[in-house]
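Just so you know, all these numbers are worked out from the coordinates, no wet-lab data involved. Values in this document were obtained by computation on a predicted structure and should not be read as measured data. We place every Cβ from the backbone using ideal geometry, glycine too, and count neighbours over all the protein chains shown.
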Amino acid sequence: MPANLQKQMLGGDGVMRFIDSNSAVATGTGYLFDYVIVNDEATVSSLIDENGVQLISSGEWNIDGKALKPGILLIGKNGARIRGVAVTAGSVIGYQSRDYGNLRV
């Protein structure tokens, strides 16, 4: 991705993280993604926001076990950022802006 387009998407300098079944981001790693975008058709097995809410469950988004198409944008509940992501199939990309601090590189 061209650097200037990446900066526009991230609101300045930021971090993009590729996540697939071999590279889950655990909640204790320090990442706080502004949003996650489905890259290849993906089945998300865990999506935890910064408040500890498991967003894939039936009480929330009800996407547990469902195949999500490329381009779908996943955002935390009520503006919360995403701090944990795991997929069992496909891949997603987490985007984190430097504007929020707590940046993990």
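Computed quantities for the displayed model
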read-out	value
Percentage, to the nearest whole number, of Cα pairs in the range 3-100 over 21 Å apart	25 percent
Translational diffusion coefficient (Stokes-Einstein; Kirkwood radius from C-alpha pairs) of the range 49-100 at 37 °C, 0.692 mPa s, in µm²/s	269 µm²/s
Mean Cβ count within 10 Å, highest first, over the residues of peptides 71-82, 86-97	86-97, 71-82
Percent RCO, i.e. relative contact order, over the range 3-100, from Cα pairs under 8 Å lying at least 6 residues apart	47 percent
